[in-house]
Amino acid sequence: MSQNNLKLGVIGAGFVGGPTMAVMASKCPDLNFHVVDINKERIDAWNNDDVSQLPIFEPGLKEIIASTRNKNLFFSNKIKNAIESSDIVFISVNTPTKTRGLGAGKSSDLKWVEASAREVATYSKGHTIVVEKSTLPVRTAEVIQRILHSEDSDSKSGKKSFSVLSNPEFLAEGTAINDLENPDRVLIGGEDKSAMSLLSQIYENWVPKEKILFTNIWSSELAK
């Protein structure tokens, strides 16, 4: 798998997924990015002709959306289609605090992460790189891997297989676009060196290579 003709999808059109893919699309005009979400109103807002009505306000965001949307950046509710056609899928969904059960009021509720992983396991084709890309507790990748493993098989036989990476975000409200365009560092955690290298190549379109750091998946999660 090479960077050429890659298709990238992100599940979750919130504060992380929308701006991150917008900046990536602006920096990688030869790649296609599909942002999907179950929330129709949110997707409609991202597709609003009036870019002042985007669901998220960040300085510089509306200009990027205006220049990339429906060119190499697409927003839709078609989760199945996006997963089927993507070589790399970012999981960037909310992880609210649990309101009931063990850890209520303290620990994160991973129900949306788990649901997203199940959708990837169900709809993906061939080999898919799955990237956890949101504020997630340590060992979330283990949960994702366990779910994906139920569908994992030898890619040489035409069946499904997966590589899971951790790529934490370091975005602050009000400076998210600048944080994405000029990051202090980009962390890529994982075990599959070829998958890590491929994700790095995408970032290298605008991030100096010395700022892209490889680590194991647990260290990447801990860094956040």
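Annotations for the structure displayed:
- Filter pass, K7 being touching a Gly at 6+ places or on another chain (Cβ under 9 Å), at pLDDT below 95 and closer than 25 Å to V120 by Cβ: no
- All positions within region 111-146 that are buried (at least 20 other Cβ atoms within 10 Å of the Cβ), at pLDDT below 85 and not polar (S, T, N, Q): L136, A141
- Looking across region 1-22, the residues that are buried (at least 19 other Cβ atoms within 10 Å of the Cβ) and either basic (K, R) or touching a strand residue (DSSP E or B) at 6+ places or on another chain (Cβ under 8 Å) (or both) come down to L6, L8, G9, V10, I11, G12, A13, G17, G18, T20, M21, A22.
- Subset of region 193-214 that is in contact with a strand residue (DSSP E or B) (Cβ under 7 Å, 6 or more places away or on another chain) and small (G, A, S) - its residue that is farthest from T128 (Cα to Cα): S200
- Top-ranked residue of region 23-50 - restricted to ones that are touching a residue at least 60 places away in the same chain (Cβ under 8 Å) and either among the charged types (D, E, K, R) or within 17 Å of I91 (Cα to Cα) (or both), ranked as surrounded by the fewest Cβ atoms within 10 Å (Cβ to Cβ): K27
- Residue match in region 47-60 (condition: closer than 17 Å to A82 by Cα, in a loop (DSSP other than H, G, I, E, B) and of a type in the set (S, T, N, Q)): yes
- Filter pass, I64 being assigned to a helix (DSSP H, G or I) and surrounded by 15 or more Cβ atoms within 10 Å (Cβ to Cβ): yes
The values are calculated or read from the model by the stated rules, or taken from the named source; none is laboratory data. As the structure is a prediction and not an experimental result, all values here were calculated from the model. Cβ atoms come from the backbone with ideal geometry, glycine included; neighbour counts cover every protein chain shown.
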